[in-house]
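Peer 1: I have a structure I would like to understand better, so I am pasting it below and will then ask my questions one at a time.
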């Protein structure tokens, strides 16, 4: 991937730094643009949780498109430093909170806030996405009413999960990237 940029909004066109190494799963511009086209105008004033945030590209795109706030969580010091640098470069630090920590500890604990969107894009082929969805499955205190959980995985990683409360409601495939959408129906 040659480089990443902000697709739209107040920071449109700004280039983002990458995290060195192979632990992050960067999102391509085409997939990111498609994701935010699906979300549409609902991103305005939304609260967004970027788990396994990596470069922060998805959360930064949300902020650029006028999300009210984004919480970035990643366990890697290099990722956290990259997120801070990208937020400073895009001038979007004010509505962001960046936490270096374990994503599972955060979603398993008692959240201090609710989110409209939770974006999950962990390192590939470790089944971390499944662990995250299963941890959130009964965690209705993490999401606002009508909130979405969006998972970014390689299509070969996908499997239908036996869930108690969450329901998968959509999938979109873009080459070697699959976006899977979940919600708590009726909440």
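The values are calculated or read from the model by the stated rules, or taken from the named source; none is laboratory data. This one's a predicted model, so the numbers in the text were calculated from it and none came from an experiment. Here Cβ is always computed from backbone atoms with ideal geometry, including for glycine, and neighbour counts include all displayed protein chains.
Peer 1: Residue check: is residue 95 touching a residue at least 24 places away in the same chain (Cβ under 8 Å) and out of contact with any strand residue (DSSP E or B) (no Cβ under 7 Å at 6 or more places or on another chain)?
Peer 2: So residue 95 does not fit the description; no.
Peer 1: Follow-up. Could you say which residue among 71, 49 is closer than 18 Å to residue 150 by Cβ, surrounded by fewer than 22 Cβ atoms within 10 Å (Cβ to Cβ), touching a residue at least 24 places away in the same chain (Cβ under 8 Å) and within 15 Å of the chain's Cα centre (by Cα)?
Peer 2: Being closer than 18 Å to residue 150 by Cβ, surrounded by fewer than 22 Cβ atoms within 10 Å (Cβ to Cβ), touching a residue at least 24 places away in the same chain (Cβ under 8 Å) and within 15 Å of the chain's Cα centre (by Cα) holds for just one of 71, 49, which is 71.
Peer 1: Picking from 62, 79, 85, which residue would you name as being over 25 Å from residue 155 (Cβ atoms) and part of a helix (DSSP H, G or I)?
Peer 2: 85
Peer 1: Check segment 143-163 and report whether any residue there is out of contact with any strand residue (DSSP E or B) (no Cβ under 6 Å at 6 or more places or on another chain), surrounded by fewer than 16 Cβ atoms within 10 Å (Cβ to Cβ), within 25 Å of residue 69 (Cβ to Cβ) and at pLDDT below 95.
Peer 2: Checked against the condition, which is being out of contact with any strand residue (DSSP E or B) (no Cβ under 6 Å at 6 or more places or on another chain), surrounded by fewer than 16 Cβ atoms within 10 Å (Cβ to Cβ), within 25 Å of residue 69 (Cβ to Cβ) and at pLDDT below 95, segment 143-163 yields at least one hit.
Peer 1: For segment 178-187: of the residues being in contact with a helix residue (DSSP H, G or I) (Cβ under 8 Å, 6 or more places away or on another chain) and at pLDDT below 95, which is surrounded by the most Cβ atoms within 10 Å (Cβ to Cβ)?
Peer 2: In this case the residue turns out to be 184.
Peer 1: Now for a different question. I need a count of the residues in segment 107-144 that are part of a helix (DSSP H, G or I) and touching a helix residue (DSSP H, G or I) at 6+ places or on another chain (Cβ under 9 Å).
Peer 2: 10
Peer 1: Could you look through segment 23-46, keep only residues that are within 12 Å of the chain's Cα centre (by Cα) and not in a helix (DSSP H, G or I), and pick out the one that is surrounded by the most Cβ atoms within 10 Å (Cβ to Cβ)?
Peer 2: Among those residues, the one meeting the criterion is 27.
Peer 1: Let me ask something else. Let me spell it out: the conditions are (1) within 20 Å of residue 180 (Cα to Cα); (2) touching a residue at least 40 places away in the same chain (Cβ under 8 Å); (3) assigned to a loop (DSSP other than H, G, I, E, B), and residue 19 meets all of them except one. Which number is the exception?
Peer 2: (1)
Peer 1: Restricting to segment 104-122, and then to whatever is farther than 14 Å from residue 73 by Cβ and surrounded by fewer than 16 Cβ atoms within 10 Å (Cβ to Cβ), can you tell me which residue is modelled with the highest pLDDT?
Peer 2: 114
Peer 1: Is it the case that segment 80-100 has a residue that's in contact with a helix residue (DSSP H, G or I) (Cβ under 9 Å, 6 or more places away or on another chain) and within 22 Å of residue 184 (Cβ to Cβ)?
Peer 2: No, segment 80-100 contains no residue that is in contact with a helix residue (DSSP H, G or I) (Cβ under 9 Å, 6 or more places away or on another chain) and within 22 Å of residue 184 (Cβ to Cβ).
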